[in-house]
Amino acid sequence: MAKELGKKIRSIRLKRNLSQSEMADILGYSGKGMISRLENDSADMSYEKLILLLSKFGDEFSEEEKKLVPVARKDSYFKTKRLLIKRIGFKELDDLLSIKISDNQREFVAENSLALAEAYAAEKEGTKTECFIAYENDIPIGFVSIALGSIDAESEKEWMKNSYCLWRIVVDSIYQNQGYGGEILDAIIEWSSTMPLGETERIYTSCNSDNTIAINLYHSRGFKETGEIIDDEIVLTRSLEEVVNEQI
């Protein structure tokens, strides 16, 4: 069904004489760009949005099509040019612990085990989180955690609680300076633009002002400094709507 979903959405929209903007409003998307991407099969629809689509337009689906919806959840992994990026489960825990940061990063980045524990604790408090490991040829080389909701940080602003927070992005010390950080960041930005954890307008992150490597990486991917400070780190943000529009 996933391959036919874009055609189905377009068919429903045209049959009901709805514009892409109107369809976006009905399904809770922030703009018509996401509908355009769905209809062009260049974006995935979250399970929750599929259920919403069925609740609004169930009469447009055959019984056979409805039976396929529960298996239409987004896969637990996605791919880039060189990497396979997987959600962390029990089987990936040892791989997570094998990813080591370089000595000169220790003052900027917490150990991955602590980052995973923080994500678990945040989830218990109601924040939506996801943690991923990036593999190249089955070798774990990077770790990412991302959240939507409060991360209980000092000086956290209200808008931050309604934005995607790129909490951690780490590349194993052996694989640094080979472009993997940018490749992982690009993938996570694109993943976030599909709103898998919920609707929002932006993604943000923070880092130490002395961490010029990280700051330059974020700048190269369209992040801009807000002038705000959180947990003694500078805040950088990027519009997800811009990401969607660039991909149309």
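Among Lys7, Lys74, Lys67, Lys49, which is at pLDDT below 90, under 28 Å from Glu201 (Cα atoms) and more than 21 Å from the chain's Cα centre (by Cα)? That would be Lys7, the only listed residue that is at pLDDT below 90, under 28 Å from Glu201 (Cα atoms) and more than 21 Å from the chain's Cα centre (by Cα). State which residue is surrounded by the most Cβ atoms within 10 Å (Cβ to Cβ) when the search covers only the stretch 138-168 and only residues that are within 17 Å of Leu236 (Cα to Cα) and more than 17 Å from the chain's Cα centre (by Cα). Checking each candidate, the answer is Glu156. Would you check if there is a residue in the stretch 169-179 being open to solvent by 20 Å² or more (accessible area, probe 1.4 Å), within 11 Å of the chain's Cα centre (by Cα) and either within 23 Å of Leu93 (Cβ to Cβ) or of a type outside the set (Asp, Glu) (or both)? No, because not a single residue in the stretch 169-179 is open to solvent by 20 Å² or more (accessible area, probe 1.4 Å), within 11 Å of the chain's Cα centre (by Cα) and either within 23 Å of Leu93 (Cβ to Cβ) or of a type outside the set (Asp, Glu) (or both). Selection over the stretch 221-234 of residues that are open to solvent by 80 Å² or more (accessible area, probe 1.4 Å) and free of Cβ contacts under 8 Å to residues at least 12 places away in the same chain gives a count of 1.
Only one entry in Tyr204, Tyr218 is without any contact (Cβ under 8 Å) to a residue 60 or more places away in the chain, part of a strand (DSSP E or B) and buried (at least 19 other Cβ atoms within 10 Å of the Cβ), namely Tyr204. Among the residues of the stretch 1-36, not one is at positive phi and crowded, with 17+ Cβ neighbours inside 10 Å.
From the residues in the stretch 22-47 that are in contact with a Gly (Cβ under 7 Å, 6 or more places away or on another chain) and part of a helix (DSSP H, G or I), which one is farthest from Pro196 (Cα to Cα)? Per the criteria, the residue is Glu39. Taking the residues in the stretch 124-137 that are farther than 30 Å from Glu156 by Cα and touching a residue at least 40 places away in the same chain (Cβ under 8 Å) as candidates, determine which candidate is surrounded by the most Cβ atoms within 10 Å (Cβ to Cβ). That would be Tyr135.
Restricting the stretch 95-123 to residues that are free of Cβ contacts under 8 Å to residues at least 40 places away in the same chain and of a type in the set (Ser, Thr, Tyr), the residue that is farthest from Ile203 (Cα to Cα) is Ser113.
Quick check on Ile184: is it outside any strand (DSSP E or B) and touching a Gly at 6+ places or on another chain (Cβ under 7 Å)? In short, yes.
The values are calculated or read from the model by the stated rules, or taken from the named source; none is laboratory data. Nothing here was measured: the structure is a model prediction, and the numbers come from that model. Virtual Cβ from ideal backbone geometry, glycine too; neighbours counted across all protein chains shown. With ligands, DNA and RNA removed, areas are computed over all heavy atoms of the protein, side chains included. Shrake-Rupley method; radii C 1.70, N 1.55, O 1.52, S 1.80 Å.
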